[in-house]
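Novice: So that we are looking at the same thing, I have put the structure below in structure tokens.
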Amino acid sequence: MIYFLLSALLFMSVTSAVLLRNRIEFKSIIDQSITSKLNQPKVSICVPARNEEKVIEKCVRSLLNQSYENFEILVLDDNSEDSTPSILQHLNIEFDHLTIIQGQPKPDDWLGKSWACHQLSQKTTGDILIFLDADVWMHSNILTKAVSKLEEIDVLTIWPQQKVQSFLEKLVVPTIYFSLLTLLPVVYVERSPRWMPKFLSPLVDPKFVAACGQFIAFKKSAYDSIDGHRGVKNEIVEDVELARRLKNTTYTISMMNGIGGVYCRMYTSGSETWDGFQKNFLAGFGNLFEFVFMAILHFLFFLFPIYLFVNAIIKNDSLVLLLSGSIISVYIVQRLILNFWFKWDWWMALLHPVAVIWFEVLGIKCMTNHIFGLKSIWKGRSV
């Protein structure tokens, strides 16, 4: 047991080092300097929208308020069944930069979002394509800053500052960022680790991959080189697969956060949160083995030490008490750092084990769906 606790503490030390490194290197788009002689290439902003009546107007108005001049906004109404079409019609009358596209029926071999993004890409006229979720909004200078960044690289993905209001949102949404920023040094998305022998790069580089489909911008040449969304037409986690395909090219990708400039509210209720995570939780892992392995790892490193801590109090085992308490303290401090960084309620960090339990239950549900061939339903479609 002592060896296990020491191993767990070593693991927590490594993830702490990754988090602290990311705290330094994972920059906000708001801090991006604006090139003094920006060429002002034309930008096509693409927004797929299906049943987005709660958020679409806020998103579009923030885009129309950009200080950048040479851009177009294309919104695809993906056969919405709510008031999204009428909201878009009203905005289309009010503004010139906006083009509304009526989505075509989805082919059987495509998933909904990739099909919508593909249709949008076919209508663009810009040199830069930005794909944006309908629940995202941004500061007026973000487009200028993003184009400035794209003078250095070929693809930019931004992780928005998530706005969370309900208890369940506050509990589980930050956990996605927790996993990302404690396990993946974001700089390795941009380049190979310097400690890794070059001959291993083709094998290992695809493992260091991440992207956020809520905001992902491509130079058109980079997008076309991987066949755009056609190349990921049946991938549930299409953003990560796009990034993985780019890893096999000479094009460069960079990740930034959106703190202070790009915002998103992913879900607005407990049921939405459950359904939203359920649709892509299993698909977010490379395979079923990795999914089960990570579930066991999370149980052992985040939940089992709590049992050992309580048991050590009962049995008056000071060494186990010290080690298990240290493990719990480390990951609570990690969550506190993350919550202060992204401006979430600090006290929710204390409930991180509850969030882990929630995801363990979700994982069991996803496994059950996978075994019995059950589909998740999202926005009226099976996924």
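Novice: Taking segment 209-224, which residues are in contact (Cβ under 8 Å) with a residue 12 or more places away in the chain and farther than 16 Å from V136 by Cβ?
Specialist: Once the filter is applied, which keeps residues that are in contact (Cβ under 8 Å) with a residue 12 or more places away in the chain and farther than 16 Å from V136 by Cβ, segment 209-224 yields V209, A210, F218, K219, K220, S221, A222, Y223.
Novice: Just to be sure before I move on: is L181 hydrophobic (A, V, I, L, M, F, W, C) and either under 12 Å from A217 (Cα atoms) or surrounded by fewer than 23 Cβ atoms within 10 Å (Cβ to Cβ) (or both) in the structure I sent?
Specialist: no
Novice: Could you tell me which numbered condition I100 fails, if it satisfies all but one of (1) touching a helix residue (DSSP H, G or I) at 6+ places or on another chain (Cβ under 7 Å); (2) closer than 30 Å to W341 by Cβ?
Specialist: Just one mismatch for I100, condition (2).
Novice: Out of the helices (runs of 4 or more DSSP H) lying entirely within segment 225-315, which hold 3 or more residues that are outside the structural domain of K343 (by TED's automatic domain parsing), in contact (Cβ under 8 Å) with a residue 24 or more places away in the chain and not small (G, A, S)?
Specialist: 238-247, 270-280
Novice: Looking at segment 218-230, can you tell me whether even one residue there is hydrophobic (A, V, I, L, M, F, W, C) and within 22 Å of V262 (Cα to Cα)?
Specialist: Let us first name the residues in segment 218-230 that are hydrophobic (A, V, I, L, M, F, W, C), namely 218, 222, 226.
Checking which are within 22 Å of V262 (Cα to Cα) leaves us with 218.
For segment 218-230, residues hydrophobic (A, V, I, L, M, F, W, C) and within 22 Å of V262 (Cα to Cα): present.
Novice: Moving to a separate point now. Looking at V164, V155, V172, V189, can you tell me which residue is within 30 Å of D108 (Cβ to Cβ) and either modelled with pLDDT of 90 or more or surrounded by fewer than 17 Cβ atoms within 10 Å (Cβ to Cβ) (or both)?
Specialist: So the residue among V164, V155, V172, V189 that is within 30 Å of D108 (Cβ to Cβ) and either modelled with pLDDT of 90 or more or surrounded by fewer than 17 Cβ atoms within 10 Å (Cβ to Cβ) (or both) is V155.
Novice: Scan segment 1-30 for residues that are surrounded by fewer than 15 Cβ atoms within 10 Å (Cβ to Cβ) and within 20 Å of the chain's Cα centre (by Cα) and jot them down.
Specialist: Hits for segment 1-30 are L20, R21, R23, I24, E25.
Novice: Among the numbered conditions (1) in contact with a strand residue (DSSP E or B) (Cβ under 7 Å, 6 or more places away or on another chain); (2) closer than 20 Å to A146 by Cβ, tell me where M266 comes up short.
Specialist: For M266, the exception is condition (2).
Novice: I need the full set of residues from segment 31-50 which are surrounded by fewer than 18 Cβ atoms within 10 Å (Cβ to Cβ) and in contact with a helix residue (DSSP H, G or I) (Cβ under 8 Å, 6 or more places away or on another chain), in order please.
Specialist: Selection gives S33, I34, T35, L38, Q40, P41.
Novice: Let me ask something additional. Pairs under 8 Å by beta carbon, first residue over 17 Å from D239 (Cβ atoms) in segment 174-194, partner part of a helix (DSSP H, G or I) and of a type in the set (D, E), six or more apart or different chains?
Specialist: P185/E25; V187/E25; S192/D205
Novice: Being aromatic (F, W, Y) and in a helix (DSSP H, G or I) is the filter; apply it to segment 316-358 and report the residue that is surrounded by the most Cβ atoms within 10 Å (Cβ to Cβ).
Specialist: Going through the qualifying residues, I end up with Y331.
Novice: Next question. Are there any pairs with C-beta distances below 9 angstrom linking a residue in segment 108-131 that is free of Cβ contacts under 8 Å to residues at least 60 places away in the same chain and more than 17 Å from K279 (Cα to Cα) to a residue that is surrounded by 20 or more Cβ atoms within 10 Å (Cβ to Cβ) and acidic (D, E), with the two at least 6 apart or on different chains, and if so which?
Specialist: Close Cβ pairs (under 9 Å, with a partner that is surrounded by 20 or more Cβ atoms within 10 Å (Cβ to Cβ) and acidic (D, E)) amount to Q119/D78.
The values are calculated or read from the model by the stated rules, or taken from the named source; none is laboratory data. The structure presented is a predicted model; accordingly, all values stated were derived computationally and were not measured. Positions of Cβ are backbone-derived with ideal geometry, glycine not excepted, and every protein chain shown enters the neighbour counts.
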